Amino acid sequence: MPRFSLLPGMLLFAAVLLFMGVAAAVYWPEPEVAFRSDQSSVSWLSSALLLSISVLAIRQLADRGLPRWLAIWLGLAIFVLALDEQFMFHEQWKYGCMAWLAACRYAWVKEAPTLLVGIVGLLTAGVLHRALPPGLARLVLWLALATGILALKIDLLGGDAFLAIYEEGLEVLAEAFFAAVLLGLSGPADQVHSP
């Protein structure tokens, strides 16, 4: 199993928090502007993080930090999410599918891409959990998943008004946790993990 170091992820997480803090400060006294739209600074950060995670997955393929098929899957799947974040494909489906498909009168059809991300993400996390060394790497993975599920819940069902305004920030935090997992891995996946 690969080894895991929390330090690179902590530095990344600090940089992400600093970026969101600066974005909020730039728009003060209305900091929510930095988070609210799909054209916001925090939305851009989300796209950049997703692309970075895709690259980190490919790096894990080269370093053999993850099983080959899993690194390829993560690289491709996260790249698709980066494209969606930047070009808003799931929003186009959600708000435009009524013109294409009568079944879009049902909320679950309009929300199908978002639901699919949650389901596939949960299944992938289960597989990734087994490929990671026990301890901190797995904990950070499940923090990423819990934060991402909270963001999806708010996106799908609404919720606390404060959290709804900053839902994009929750997505970014989930992505930062996930990036921290891949950033902290080192060593080939086929080696036996030593404590």
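Throughout, read-outs are computed from the coordinates displayed, never taken from laboratory work. The model shown is predicted, which means the values in this text are computed figures rather than measured ones. Neighbour counts run over all protein chains shown; Cβ positions are idealised from the backbone, glycine included.
Counting every other Cβ atom within 10 Å of each residue's Cβ, W44, W108 order from fewest to most as W108, W44. Helical runs (DSSP H, four residues minimum) scored at -39500 (n - 2.57) apiece and divided by the length of the chain put the mean residue ellipticity at 222 nm at -24000 deg cm²/dmol. Which of rounded, prolate or oblate describes the chain when judged by the alpha-carbon gyration tensor and an a/c cut-off of 1.5? Because a/c hits 1.5 or more and a/b fails to exceed b/c, the chain counts as oblate. Among the trypsin sites (Lys or Arg not before Pro) in the stretch 1-97, those located in a DSSP loop and surrounded by at most 16 other Cβ atoms within 10 Å of their own Cβ are R64. Phi angles across the stretch 112-120 convert, under the Karplus curve 6.51 cos²θ - 1.76 cosθ + 1.60 with θ = phi - 60°, into 3J(HN,Hα) values of 3, x, 5, 4, 4, 4, x, 5, 5 Hz, Gly and Pro given as x. The shape of the stretch 104-195 comes out prolate: with a ≥ b ≥ c from the C-alpha gyration tensor, a/c is at least 1.5 and a/b beats b/c.
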